[in-house]
Amino acid sequence: MPARKPIIGITPSPMEDTQAHGTFRRYAAATTYTEAIEAAGGVPVVIPPQSGNIAEIVAVVDGLLISGGGDIHPDLYGDSEVHDATYGIHDLRDELEIALVREATSRDIPMLCICRGIQVLNVALGGTLIQDIADQYSTEIEHRQQENGIRKEDPSHTVAVMPGSLLARTYGTDEITVNSFHHQAIRDLAPDLEINGVSTDEVVEGVSHPGSSWILGVQWHPEMMFRDHPEHLKPFAALVAEAAKKAEPVAV
Ligand code: MN
């Protein structure tokens, strides 16, 4: 029986738009995520936020991509105050993604966690976040590169990669140039995670879950970069390759 392409579940962001016939609340995944998964040989499937249904969702996916977006509710990592700069909180999305991370780590499902995703990975496993880098962390790096007019497809800072880490094996290098669109970052690392990469100001930019076969978190957006900077297809290719090991052949 031939192998089938692995199915990668992608979590979308809530959004709202107004048309002539009314205002609509939607769940939307940026096309760059689905294109990156397709370019890597996988089949992207968007998973809307919902309560429960986790067992059913993980029964039909071979891998997961936790995408970028707004901030996680600070209650979920024990911060009693919501910082003025914290934005875009969506409780149902938090609930779904935290449940997916816990399921993936306990059932060894391959998972790539991007931007907000690396933060969800950390919070779901007991870590905490810096709510606003500009206000709460001393750095010379502008982690919101739009402030410097750098386009989303291009890098704005470097990441030093820990030798032998999952991130090092994925990119095959000890330094990566990355884009940066985040105002939050990991503060206390969750006990079961390992730091794989840091920017020169020591902000955590890459983590892995060594108890799993392939779970990687990155603070940058490789899906925005992979067309102009092909090395950034590597995390998607590695996710799909790992998910392919789980994909059972189908009869045709
Ligand atoms: Mn950054």
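The values are calculated or read from the model by the stated rules, or taken from the named source; none is laboratory data. Keep in mind that what you see is a predicted model, and the values were worked out from it rather than measured. A quick note on method: Cβ atoms are made from the backbone with ideal geometry, for glycine too, and the neighbour counts reach across all protein chains shown. Side chains are part of the model used for accessible areas, which takes the heavy atoms of the whole protein and leaves out ligands, DNA and RNA. Shrake-Rupley method; radii C 1.70, N 1.55, O 1.52, S 1.80 Å.
Quick notes on this structure:
- For region 4-129, accessible area per residue (1.4 Å probe, heavy atoms of protein chains only), Å²: 43
- Span from the region 109-123 Cα centroid across to the region 133-187 one, whole angstrom: 15
- Sorted peptide list for 59-68, 34-43, criterion being average Cβ within 10 angstrom, highest first: 59-68, 34-43
- Whole-number percent relative contact order across the chain, with pairs defined as alpha carbons under 8 Å at least 6 apart: 23
- Residue-count net charge about ILE109 - beta-carbon cut-off 9 Å; Lys, Arg +1, Asp, Glu -1: -1
- Inverse of mean 1/r across different Cα pairs in region 122-252, Kirkwood, Å: 15.7
- Sorted peptide list for 208-219, 78-89, 173-184, criterion being average Cβ within 10 angstrom, highest first: 208-219, 173-184, 78-89
- In the chain, the calculated helix contribution to ellipticity at 222 nm averages -7500 deg cm²/dmol per residue, counting -39,500 (n - 2.57) for every DSSP H run with n ≥ 4.
- Region 7-244 - convex hull of alpha carbons, volume per residue in Å³: 133
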